[in-house]
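To start, the structure under review is shown below, and the notes come after it.
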Amino acid sequence: MNFKLQLHSFYDLFVVDTADASGSNPDKILTNTRKNFQEIIVDTGLTYMGKNHVARVVFYDTTLTPPNETYYFYQDPNGDLYRYNFGFNLLNQFTFLTQLIGSQVDVGWVLAAKMTSAEGTKWTARTDSVLIQAYNTEVYLVSQGQMLADTVFLVGAESIKARHSRNVVTASTAGGAETGNVVIDSYYSTDAGEIVEDFYRHVTLAGQLLNQQAQGKLKIMTQK
């Protein structure tokens, strides 16, 4: 990905809506929620959670408390790109779930994209499990990845080619009594060393204990 220290990138961020009561019209991008923000690569040689040469990227949004979030990326010599707790972090929006578990969901490094692999390549990005202590029930967490067709984005007046990966995160109990689902499409520019777009579809949990949805988000680059 060629992460460049102190690189500033500018994005629009939109809320992605849940399905309505009839189950229709999910993943609608709410254009009236548009916000502008920037990301800065503040470190490219960090040692973090067992990995060296980690890139630390800070997302600045003054409407948040605190006003920024931090993301971590690691790329191995084969070109495989890892993102820390990628996708699984969305499950932490469900306070009832984290209360049942007794902690936030944190599975560590997730293989987000196989940057040098061909379209159609599939892999298991991460497996883990957490215990719902009150019910002594194990929740099995899996992320499956796939490389899809490359895409060209127009950012300002510049055409940027991006590699497209999809990660599907599922959470389930034995027998499928409780299920959860997160789908994320990400587009990475290897030349620019930046994410061009992250599209987090709405999140669903279904079952006797949990039957909820949470909104997703769309982040798309507007300026390099």
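Each reported figure results from applying straightforward, stated rules to the coordinates on display, with no laboratory input. Because the structure is a prediction, the values reported are computed rather than measured. Cβ placement follows ideal geometry from the backbone for every residue including glycine, while neighbour counts extend to all protein chains displayed.
Of K51/K122; K28/K217; K4/K35, which sit over 19 Å apart, Cα to Cα?
Correct reply: K51/K122; K4/K35.
Report the charge-dipole magnitude of the chain in Debye, nearest 20, computed about the Cα centre from +1 at each Lys and Arg Cβ and -1 at each Asp and Glu Cβ.
Using Cβ point charges on Lys, Arg, Asp and Glu, the chain gives about 140 debye.
Starting from one equal scatterer on each C-alpha and no solvent at all, send me the Debye-based log10 I(q)/I(0) for the stretch 1-134 at q = 0.15, 0.18, 0.20 Å⁻¹, two decimals.
Each listed q corresponds, in turn, to -1.02, -1.31, -1.36.
Of all beta bridges DSSP finds with both residues in the chain, what is the antiparallel percent, to the nearest 5?
Just about 100 percent of them are antiparallel.
How many nm separate the modelled label positions at E158 and L5, each set 7 Å beyond the Cα in the direction of the Cβ?
2.1
Give, in nm to one decimal, the length gained when the segment between N211 and Q144 is fully stretched (0.36 nm per residue of separation minus the Cα-Cα distance).
Gain in length upon complete extension: 21.8 nm.
Suppose R0 equals 25 Å. What FRET efficiency, 1/(1 + (r/R0)^6) with r the Cβ-Cβ distance, do D191 and V58 give to the nearest 0.05?
Using R0 = 25 Å, I get an efficiency of 0.70.
Taking Rh as the Kirkwood radius computed over C-alpha pairs, what is the Stokes-Einstein D of the stretch 72-202 at 37 °C in a medium of viscosity 0.692 mPa s, expressed in µm² per second?
209
Across 10 Å bins from 0, what is the distribution of all Cα-Cα pair distances for the chain, in whole percents?
Calculated P(r), rounded to whole percents: 8, 31, 38, 20, 4, 0.
Please report H8, H164, H53, H202 as a ranked list, fewest other C-beta atoms within 10 angstrom at the top and most at the bottom.
Lowest to highest Cβ neighbour count: H8, H53, H164, H202.
Place +1 on the Cβ of every Lys and Arg and -1 on the Cβ of every Asp and Glu in the stretch 159-224, take the dipole about the Cα centre, and give the residue among S172, V183, L205 whose Cα lies farthest towards its positive end.
V183
Once Rh for the stretch 167-224 is found with the Kirkwood sum over Cα pairs, what is the Stokes-Einstein diffusion coefficient at 4 °C and 1.567 mPa s, in µm²/s?
Answer, rounded: 99 µm²/s.
Label point 7 Å out from E69 along Cα-to-Cβ: which residues of the stretch 182-224 have amide N under 16 Å?
From the stretch 182-224, the list is 182-187, 195-204, 214-221.
Compute the relative contact order of the stretch 8-223 as a whole-number percentage, counting only Cα pairs closer than 8 Å that sit 6 or more residues apart in sequence.
In percent, rounded to a whole number, it is 18.
Take the chain, connect every pair of alpha-carbon atoms lying under 10 Å apart with a spring to form a Gaussian network, then pick out the residue of G175, G87, G193 with the largest mean-square fluctuation.
Comparing G175, G87, G193 in the GNM, the peak value goes to G175.
For labels at I29 and A174 in the simple 7 Å Cα→Cβ model, what's the distance in nm?
4.4
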